[in-house]
Amino acid sequence: MKCRICQQEISSFMSYGKMPIANGFLTSEQLASEYFFELKPAFCEHCLTFQIEEQPDPEVMFHDHYAFFSRTSKRMQEHFGGYATWVFDNYLDGKDPFVVEIGSNDGIMLENFAKRGIRHLGVEPSANVAEEARKHGVNTVVRFFGPETADDIVKEYGHADALIAANVMCHIPDMHGIAKGADSLLKPTGVLVFEDPYLGAMIEKTSYDQIYDEHVFIFSALSVANMFGPYGFELIDLLPQATHGGSMRYVLARKGARTVQPSVAKILTDEKKAGLHLPETYEQFREKCETSKRELVAMLQAEKAAGRRVAGYGATSKSTTILNYCGIGPDLIEYISDTTPIKQNKFSPGMHIPVRPYEEFKNNPPETAVLFAWNHAEEIMDKEKAFTESGGRWIVHVPKVRVL
Ligand code: SAH
Ligand code: TYD
């Protein structure tokens with residue numbers, strides 16, 4: 001394949017096998033006609049970008065019945081409150097500022113600007129989540145962001161002070177379109193700020209479940225600098241985040257327009273120390289994935305042999321990769337509990353484990369829970385003290401497969 005960023009020839013270093021749409025929860029009528037593709041990660045030695053070889057069309061993943069609603073996590077609501085305040089304090093210094101968010105989902109971040117009376121616009125192609133955002137007073141347009149959308153926004157609203165995003169840049173295959181769009185949309189001192197699951201954290205924790213259809217890229221600072229450099233942008237700050245199991249917030253501005261913080265040189269150096277620029281790092285990662293798979297399957301088989309009932313906690317996109325890569329189905333996990341109504345009473349993508357409302361977990365708890373929403377561990381452990389205290393066991397697979 002050709003690298004999506006630098007167009008050099010690259011090849012994948014492993015295959016996770018046939019994968020369904022990570023957020024494609026199915027009704028019983030849909031089980032027979034499920035869409036599959038081969039999930040193969042690849043690393044480009046030239047521009048240092050980690051990516052997947054094949055990605056389903058965006059319209060197959062993002063539509064008017066998209067299953068992920070950002071507001072399902074209270075902690076994430078707090079996180080986005082903090083993110084918005086930080087953008088507001090650091091980058092909205094002009095008069096009557098204007099903020100655009102890519103992938104604004106149900107308005108979890110932009111409502112913090114709306115409440116401050118700041119001009120804002122969310123660009124969100126999934127109509128059902130966009131509708132939810134509007135209910136929270138967030139001005140939203142149902143579109144994919146790209147150069148044309150950027151031009152239309154400039155015509156209607158003028159140039160932006162900040163183009164912000166979270167957990168969406170890594171979904172977008174055409175990063176050249178994003179860079180062009182940012183260039184036409186932003187004022188001369190405008191900033192592009194986004195955060196996404198971080199390659200450094202994924203390698204450190206063997207959290208291979210970050211790799212699924214939506215995540216066409218897993219970024220590092222090295223790759224982001226290479227991506228945006230040709231469009232006249234430079235990294236001016238980098239802020240590691242604890243969210244989604246380890247993320248990075250990237251701040252870019254036009255070269256020379258703003259002060260470059262010391263964090264940039266530090267993190268670029270750390271990435272080289274961690275070997276994120278070396279192909280052998282990904283060979284080792286592949287071996288660790290294989291070990292993780294073997295250990296998780298063995299642990300679940302042991303639970304079954306011991307006669308313990310096992311349920312999954314959180315029907316995450318990440319769990320789609322784990323379950324399908326490891327071949328874990330309803331014989332090993334009875335059901336997955338999830339609080340999102342649109343996922344409930346459906347079947348998990350690919351392995352077809354029933355997804356049940358949270359009340360099922362509460363009223364008829366299993367003996368063991370597999371924490372698929374491990375990125376929300378703190379919030380969930382707080383909430384599930386009764387389960388834990390009554391002897392409920394938790395299995396997690398990162399950074400090593402273990403019983404908590
Ligand atoms: N920012 C939210 C939502 C992340 S999920 C959060 O961090 O919780 C990713 C969102 O981006 C989805 O709502 C999806 O519909 C949207 N999206 C996907 N591709 C997009 C694109 N090209 N432009 C704008 N939004 C996009
Ligand atoms: P998340 O880990 O945020 O997303 P991803 O799909 O990117 O891997 O998804 C969390 C899922 O877990 C979501 O479907 C809601 C569910 N959930 C619960 O069921 N209970 C909880 O307490 C929390 C925090 C999440």
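Across the stretch 270-279, computed HN-Hα scalar couplings (Karplus, 6.51 cos²θ - 1.76 cosθ + 1.60, θ = phi - 60°) run 4, 5, 5, 4, 7, x, 5, 9, 10, x Hz from first to last residue, x flagging Gly and Pro.
Pairs Lys155/Lys318; Lys18/Lys304; Lys288/Lys346; Lys155/Lys255; Lys293/Lys346: which exceed 29 Å Cα-Cα?
Violating the 29 Å Cα-Cα cut-off are Lys155/Lys318; Lys288/Lys346.
Using a probe of 1.4 Å, the accessible surface attributed to Cys6 totals some 50 Å² when neighbouring protein chains are kept in position. Taken per residue, the accessible surface of the stretch 1-109 reaches 43 Å², heavy atoms only and a 1.4 Å probe. First compute the accessible area of the stretch 17-90 with a 1.4 Å probe, then give the percent of it belonging to carbon and sulfur atoms. Whole-percent figure for carbon plus sulfur exposure: 50. Rounded to the nearest 20 debye, the dipole size of the stretch 193-266 about its Cα centre is 440 debye, using +1 on the Cβ of Lys and Arg and -1 on the Cβ of Asp and Glu. Listed by chain and number, the lysines whose C-alpha is less than 23 Å from the C-alpha of Lys135, apart from same-chain residues fewer than 8 away, are Lys74, Lys115, Lys343. Taking Tyr208, Tyr35, Tyr91 and ordering them by how much accessible surface each has at a 1.4 Å probe, largest first, produces Tyr35, Tyr91, Tyr208. Within the full protein context, the accessible area of His79 is estimated at about 30 Å² for a probe radius of 1.4 Å.
Give the angle, between 0 and 90 degrees and rounded to the nearest 10, that separates the Cα long axis of helix 175-185 from the longest principal axis of the Cα atoms of the chain. Long axis of 175-185 versus the principal axis of the chain: about 40 degrees. For Met19, the residues 5 or more places off, or on other chains, whose built amide H falls under 5 Å of its own are Phe37, Glu38, Leu39.
Expressed as an acute angle from 0 to 90° and rounded to the nearest 10, what is the orientation of the C-alpha long axis of helix 147-157 relative to the principal long axis of the chain? Helix 147-157 and the main axis of the chain meet at about 60 degrees. Taking the charge dipole of the chain about its Cα centre, with +1 at Lys and Arg Cβ atoms and -1 at Asp and Glu Cβ atoms, the residue from Ser11, Phe36, Pro341 reaching farthest to the positive side is Pro341.
Hey, for a label at Ser28 modelled as a point 7 Å past Cα toward Cβ, could you say which residues of the stretch 316-354 have their backbone N under 20 Å away? Counting backbone N atoms under 20 Å from the label point, the list is 329-338, 342-354. For the set Glu295, Glu9, solvent exposure ranked by accessible area (probe 1.4 Å, protein chains only) runs largest to smallest as Glu9, Glu295.
Could you tell me which of rounded, prolate or oblate describes the stretch 82-201, using a ≥ b ≥ c as the square roots of the eigenvalues of the alpha-carbon gyration tensor, with rounded for a/c under 1.5 and, failing that, prolate when a/b is larger than b/c and oblate otherwise?
Rounded is the answer for the stretch 82-201, as its axis ratio a/c remains below 1.5.
Quotient of the Cα radius of gyration of the chain and 2.2 N^0.38 Å, N being its number of residues: 0.97. Placing unit charges on the Cβ atoms only, positive for Lys and Arg and negative for Asp and Glu, gives the stretch 1-57 a dipole magnitude near 140 debye about its Cα centre. Summary value for the chain: 16 percent relative contact order, contacts being C-alpha pairs under 8 angstrom separated by 6+ residues. For the chain, the longest principal axis of the alpha carbon atoms and the long axis of helix 317-326 meet at an angle near 50°.
The stretch 344-404 and the stretch 83-112 have Cα centres separated by 34 Å. Dipole orientation for the stretch 55-163: of the candidates Val141, Asn105, Val154, Asn105 has the Cα lying most toward the positive pole (charges on Cβ; Lys, Arg +1; Asp, Glu -1). Phi angles of the stretch 375-391 translate, via the Karplus equation with coefficients 6.51, -1.76, 1.60 and θ = phi - 60°, into HN-Hα couplings of 5, 10, 3, 4, 4, 6, 4, 4, 6, 9, 4, 4, 4, 5, 5, 8, x Hz per residue; Gly and Pro are given as x. Solvent-accessible area of Met1, all protein chains in place: 50 Å² (probe radius 1.4 Å, heavy atoms, ligands and nucleic acids excluded).
Residues in the stretch 37-52 carry Karplus couplings, in order, of 9, 8, 8, 10, x, 9, 10, 8, 5, 7, 9, 6, 9, 8, 8, 9 Hz; the curve used is 6.51 cos²θ - 1.76 cosθ + 1.60 with θ = phi - 60°, and Gly or Pro positions show x. What the stretch 351-390 shows is 48 Å² of accessible area per residue, with the surface traced by a 1.4 Å probe over protein heavy atoms. Principal axis extents of the Cα atoms in the stretch 133-271, from largest to smallest and rounded to whole angstrom, are 44, 37, 26. Simple point charges give the picture: +1 on the Cβ of Lys and Arg, -1 on the Cβ of Asp and Glu, and for the chain a dipole about the Cα centre of about 740 debye. Between the beta carbons of Ala302 and Lys115, assuming R0 = 51 Å, the FRET efficiency works out to 0.55 to the nearest 0.05.
The values are calculated or read from the model by the stated rules, or taken from the named source; none is laboratory data. As the structure is a computational prediction, the values presented were derived from the model and not from experiment. Ideal geometry is used to build each Cβ from the backbone, glycine not excepted, and the neighbour counts take in all protein chains shown. The accessibility values were calculated without ligands, DNA or RNA, using every heavy atom of the protein model including side chains. Shrake-Rupley method; radii C 1.70, N 1.55, O 1.52, S 1.80 Å.
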